[in-house]
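The values are calculated or read from the model by the stated rules, or taken from the named source; none is laboratory data. All values reported here derive from a predicted model rather than from experimental measurement. A quick note on method: Cβ atoms are made from the backbone with ideal geometry, for glycine too, and the neighbour counts reach across all protein chains shown. Just the protein is used for accessible areas: all its heavy atoms, side chains included, with ligands, DNA and RNA removed. Shrake-Rupley method; radii C 1.70, N 1.55, O 1.52, S 1.80 Å.
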Amino acid sequence: MTHYQQLLQVNTSGKSLSKITSKVKEAVLKSGVKTGLCNLFLRHTSASLIIQENADPDVLLDLEKFISKLVPEGNYYIHSAEGPDDMPAHIRSVLTHTSEQIPINNGKLVLGTWQGIYVWEHRQRGHQRDLVIHISGE
């Protein structure tokens, strides 16, 4: 069994979704794995990792609008060490994911036709986010 690991640094802009599908596909290609599993782990608590619609950008806008209503910013929280967007960002990452697993078949990610991989920045300003890509298989 082969194991391949890569750290991908993603520079985000405030409250946005950064599409990383092509970067993850490149890592799968580099790994040489034909059949296996791609595990993605985002090393942060105020951003998330999602698999979502990659064709209609309105879906991503609606997701951002929905989560902003569900978890509003403001003086509602005890924890505010880094500002009014701090605790809402933590809650949003709990409601989504910090890791994903995607099968690999014939050397390619087995994503659905309309699926893309995104880092979802929940903070007002951009950050450099670290994503660990771990690929295993044969």
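Observations
- Only one of the numbered conditions (1) surrounded by 19 or more Cβ atoms within 10 Å (Cβ to Cβ); (2) in contact with a Leu (Cβ under 9 Å, 6 or more places away or on another chain); (3) of a type in the set (Ser, Thr, Tyr) is violated by Thr96, and that is (1).
- Of all residues in region 58-108, exactly one satisfies the criterion of being at pLDDT 95 or above, farther than 29 Å from Lys25 by Cα and of a type in the set (Gly, Ala, Ser), namely Ser68.
- Strands (runs of 3 or more DSSP E) fully within region 1-72 counting 2 or more residues that are within 13 Å of His134 (Cβ to Cβ) and open to solvent by 80 Å² or more (accessible area, probe 1.4 Å): 2-11
- Restricting Gly14, Gly36 to residues that are small (Gly, Ala, Ser), touching a residue at least 40 places away in the same chain (Cβ under 8 Å) and under 26 Å from Val94 (Cα atoms) narrows the list to Gly14.
- Selection from region 99-109 of residues that are assigned to a loop (DSSP other than H, G, I, E, B) and open to solvent by less than 30 Å² (accessible area, probe 1.4 Å): Gly107
- Hey, Gly83 open to solvent by less than 40 Å² (accessible area, probe 1.4 Å), more than 30 Å from Gln5 (Cα to Cα), without any contact (Cβ under 8 Å) to a residue 24 or more places away in the chain and not in a helix (DSSP H, G or I) or not: no
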